[in-house]
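The values are calculated or read from the model by the stated rules, or taken from the named source; none is laboratory data. Being a predicted model, the structure only gives us computed values, none of them experimental. Cβ sites come from the backbone with ideal geometry, for glycine too, and all protein chains shown count toward neighbours. For accessibility, only protein heavy atoms count, side chains too; no ligands or nucleic acids. Shrake-Rupley method; radii C 1.70, N 1.55, O 1.52, S 1.80 Å.
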Amino acid sequence: MAKSGKKKNKKAAAVDPDGKLVVATNRRARFDYEIVDTYEAGIQLMGPEVKSLREGRANLGDSFGSIYRGEAFLEKLHISPYEPATRANPADPQRRRKLLLHRNEIDRLNSRVTEKGLTLVPLT
């Protein structure tokens, strides 16, 4: 049997045990930190950033979470610009991105970070 001549341009996407697509992982965080609690949050993105994430062009290496004025943010998440959409208007690849969490989750995180000196670290 012969192989077809078609090449796949996309790399294999990682899927977690729940069947969800994993865009980026921070394997170093599990080694450096003791994981106490995990939360699932959405991220507020601009249009070209979504396309870059679908291509797997994100880096969680230096990123961390912060709470500012009662809102949760993800700092220093590097999402490479999607070239066809950002030629004229390139956005900052490491800009602050808002995390979409419930109010009680943000309040709980804020109290734990300030009292115990814990850190918010993104995992996936």
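Observations on the model:
- Between residue 107 and residue 43, the FRET efficiency from the beta-carbon distance, with R0 = 22 Å, is close to 0.65.
- Of the solvent-accessible surface of the chain, computed with a 1.4 Å probe over protein heavy atoms with every protein chain present, carbon and sulfur atoms account for 49 percent.
- In this calculation the C-beta distance from residue 118 to residue 83 is compared with R0 = 35 Å, giving a FRET efficiency of 0.40.
- Accessible surface computed residue by residue for the chain, with neighbouring protein chains in place and a 1.4 Å probe, gives 78 Å² per residue.
- Of the GluC sites (Glu not before Pro) in the stretch 21-124, those whose Cβ has at most 15 other Cβ within 10 Å and which sit in DSSP loop: 34, 40, 55
- Neighbour count of at most 16 Cβ within 10 Å plus DSSP loop: longest chymotrypsin sites (Phe, Trp or Tyr not before Pro)-free window in the chain: 40-124
- Using just its DSSP H runs of length 4 or more, each adding -39500 (n - 2.57), the chain gives a mean residue ellipticity at 222 nm of -6500 deg cm²/dmol after division by all residues.
- Listed values for the stretch 63-69 are Karplus-derived 3J(HN,Hα) couplings in whole Hz (6.51 cos²θ - 1.76 cosθ + 1.60, θ = phi - 60°), namely 7, 8, x, 8, 10, 9, 6, and x replaces Gly and Pro.
- Residues with amide H under 5 Å from that of residue 43, placed H, sequence gap 5 or more: 100
- Lys-Lys pairs in the chain that are eight or more residues apart or on separate chains and whose Cα atoms lie under 22 Å of each other come to 13.
- Rounded to the nearest whole Hz, the Karplus-based 3J(HN,Hα) values (6.51 cos²θ - 1.76 cosθ + 1.60, θ = phi - 60°) of the stretch 18-29 follow the sequence 7, x, 8, 6, 9, 7, 8, 10, 10, 5, 5, 5, with x at glycine and proline.
- The 3J(HN,Hα) values that the Karplus relation (6.51, -1.76, 1.60; θ = phi - 60°) gives for the stretch 98-109 are, in residue order, 6, 8, 9, 10, 6, 4, 5, 5, 5, 5, 5, 5 Hz. Gly and Pro appear as x.
- Theoretical FRET efficiency, 1/(1+(r/R0)^6), r = Cβ-Cβ of residue 55 and residue 30, R0 25 Å, to 0.05: 0.55
- For the stretch 13-99, the square roots a ≥ b ≥ c of the C-alpha gyration tensor eigenvalues yield an a/c of 1.5 or more together with a/b not exceeding b/c, which makes the shape oblate.
- Stretch gain in nm, segment residue 18-residue 96, where the contour uses 0.36 nm per residue and the Cα spacing is subtracted: 25.3 nm
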